[in-house]
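One structure is given below, encoded as structure tokens.
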Amino acid sequence: MKGHDYTVIRLIATDLDDTLLNADNDLSPRTQAALTAAMEAGCGVTLSSGRMLEAMLPFAERIGVNAPMLLYNGALVYDHNTDETIYAPRIPYEVALGVVRMAEAMGLYIQLYPGKGYFCDEICDHTVAYARQIRVEATPVHMPMSRWLEQNPRDMQKMLIIDTPEGADRAQAALREAFPHGACFLKSKPHFVEIAPENVDKGRSLARLAEHLGLAAEEVMAFGDGQNDVPMLEYAGYGYAMANACREALACTPLVAPANTEDGVAQVIERCLRERRIGPMAR
């Protein structure tokens, strides 16, 4: 652990799904109250998720998030309060098209995120389940995604493969070997392969945000549960894996928060507030 008991925590970054949100993919009153109390102490609170802006804004507005957010697994660092874009790398069109073609050849379902909304070939069970989780509907293009991308050539902020856990493992390994440059492939859930720009992850983007705010890693607390959260947990002075986290997240940090179904993020924040270890974002 890089942080110390006497370090003041000035920024809290938390993943959404299976971390901050409960089993109903919603914010509990206790979690809302803990985040509000941290911000009343002057601390910055940000959300760090694979989700796009449309799927994060409802929670950001309910919480009253007061720091720029990390979207698309860190491929966009954006302050919705000021409409300021701090960091926005993309997957190059040629790489995105190659990934899509390979995914289709492997029989995989893939969604594309060009910057606003998300697109799929046809609505299927994967689409319905995903849309139910994030509460934003997909746009079906009614043609193979490779053909659509050829007709609409553009760089991507993110792509997402959804399959069985075993299929997702195979896809991740094959795509990593085929595309060592231009994109990176991390899992946010057992059946999700998140595809982000090369050298982009939540840890690097959280470091950029901390630098932007004039903060050191030791002053940052982070919460996550997925493989894609590991870089963020490793970067933060206080990186908490949820008790329900994947094995990679639990192995990367000695700090474990109670499960998301037990308001684990709230429990840790409440304790830190009692210990007066949460302070103003601005030194």
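We did not get these values from a lab; they are worked out from the coordinates using the rules stated. Everything numeric here is computed off the predicted structure, so don't read it as measured data. Note: ideal-geometry Cβ built from the backbone for every residue, glycine included; neighbour counts use all protein chains shown.
Miscellaneous remarks
- Leading residue by the ranking (surrounded by the most Cβ atoms within 10 Å (Cβ to Cβ)) among those in region 45-80 that are outside any helix (DSSP H, G or I) and more than 17 Å from the chain's Cα centre (by Cα): Asn66
- Flag for Glu194 being in contact with a helix residue (DSSP H, G or I) (Cβ under 9 Å, 6 or more places away or on another chain), of a type in the set (D, E, K, R), free of Cβ contacts under 8 Å to residues at least 60 places away in the same chain and more than 25 Å from Met39 (Cβ to Cβ): no
- Test result for Thr46, free of Cβ contacts under 8 Å to residues at least 12 places away in the same chain and among the hydroxyl-bearing types (Ser, Thr, Tyr): no
- Taking region 214-283 and the helices (runs of 4 or more DSSP H) fully enclosed by it, no element has 3 or more residues that are without any contact (Cβ under 8 Å) to a residue 40 or more places away in the chain and touching a Lys or Arg at 6+ places or on another chain (Cβ under 8 Å).
- Residue check for Ala88: more than 27 Å from His142 (Cα to Cα) and either of a type in the set (D, E, K, R) or surrounded by fewer than 17 Cβ atoms within 10 Å (Cβ to Cβ) (or both): yes
- Criterion violated by Ala207 - all others in (1) more than 21 Å from Val45 (Cα to Cα); (2) within 16 Å of the chain's Cα centre (by Cα) satisfied: (1)
- Test: residue in region 260-280 that is under 15 Å from the mean Cα position of the chain (by Cα) and farther than 22 Å from Gly42 by Cβ: no
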